[in-house]
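What follows is one structure encoded as structure tokens, with my remarks underneath.
The values are calculated or read from the model by the stated rules, or taken from the named source; none is laboratory data. Computed from a predicted model, the values in this text were never measured in an experiment. For neighbour counting, all protein chains shown are included, and Cβ atoms are generated from backbone atoms with ideal geometry for every residue, glycine included.
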Amino acid sequence: GLLRVDHVGIAVADLDEALTFYSETFGMHCVHEERNEEQGVREAMIAADPDGTGARIQLLAPLRPDSAIAKFLDRNGPGLQQLAYTVKDVEAASDALRARGLRLLYESPRRGTAGSRINFVHPKDAGGVLVELVEPA
Ligand code: MC0
């Protein structure tokens, strides 16, 4: 099952600009940054609390025009794109949701942030929310 909210993902056009905005406006700081070529994103995890162990926000910027984030930005502009939950076992969690009739986007898990394993529930099967399942490394 789901253990907790892992992060909330926000689509942005430019990662460096967004990092500056969140830092200068909200005093949030970056706890992790990477490129994920398969997902076509440059992403940064940011946190409000000084030790970075509390809730995290994932800023997601497109690497390519055909990526999921580029399409989202074209359609909606910047804003909330996904809600991610931590799970212990992403395969088991995916199977349990499939058994309840939900469509998972990937047949088997793919690589997510910081070596995690991830899958997604189709937003049309989750009340209009793109739900990500994250099994941390
Ligand atoms: C699309 N829809 C959404 C949505 N994206 N609804 C809520 N939240 C979103 N983010 C809606 C569309 O408006 C459309 O509704 C319907 O879903 C189906 O759209 P579609 O045209 O069939 O599909 P696309 O091309 O819009 O793609 C949507 C889909 C895609 C979710 C399949 O974005 C995808 O594969 N996402 C998973 C990968 C991903 O998001 N990667 C970036 C984050 P209407 O009513 O108009 O029909 S990478 C990441 O997150 C990693 C690094 C990590 O956390 O570790």
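For Leu59, the test of being free of Cβ contacts under 8 Å to residues at least 24 places away in the same chain and surrounded by 19 or more Cβ atoms within 10 Å (Cβ to Cβ) is failed. Taking the numbered list (1) modelled with pLDDT of 95 or more; (2) within 26 Å of Gly1 (Cα to Cα); (3) surrounded by 15 or more Cβ atoms within 10 Å (Cβ to Cβ) in turn, Ala137 passes all entries but (3).
Which one is nearest to Ala68 (Cα to Cα) among residues in segment 123-137 that are more than 9 Å from the ligand (Cβ to nearest atom) and among the small types (Gly, Ala, Ser)? Once the filter is applied, the top-ranked residue is Gly127. If you filter segment 13-39 down to residues that are within 12 Å of the ligand (Cβ to nearest atom) and in contact (Cβ under 8 Å) with a residue 60 or more places away in the chain, you find that the one that is surrounded by the fewest Cβ atoms within 10 Å (Cβ to Cβ) is Glu38.
Counting the residues of segment 93-113 that are surrounded by 13 or more Cβ atoms within 10 Å (Cβ to Cβ) and small (Gly, Ala, Ser) gives 4.
Of these, Glu107, Glu91, which one is closer than 21 Å to Gly40 by Cβ and out of contact with any Cys (no Cβ under 8 Å at 6 or more places or on another chain)?
Numbers: Glu91 fails: closer than 21 Å to Gly40 by Cβ.
Exactly one of Glu107, Glu91 is closer than 21 Å to Gly40 by Cβ and out of contact with any Cys (no Cβ under 8 Å at 6 or more places or on another chain), namely Glu107.
In summary, Thr86 fulfils each of the numbered conditions (1) more than 10 Å from the ligand (Cβ to nearest atom); (2) polar (S, T, N, Q); (3) without any contact (Cβ under 8 Å) to a residue 40 or more places away in the chain with the single exception of condition (3).
Every condition in (1) near the ligand (Cβ under 9 Å from one of its atoms); (2) within 15 Å of the chain's Cα centre (by Cα) holds for Arg42 except the one numbered (1).
None of Ile46, Ile69 is touching a Pro at 6+ places or on another chain (Cβ under 8 Å), modelled with pLDDT of 95 or more, within 14 Å of Ile10 (Cβ to Cβ) and surrounded by 19 or more Cβ atoms within 10 Å (Cβ to Cβ) except Ile69. Checking Arg117, Arg111, Arg75 one by one, the residue that is within 16 Å of Ala11 (Cα to Cα), at pLDDT 95 or above and near the ligand (Cβ under 10 Å from one of its atoms) is Arg75 and no other.
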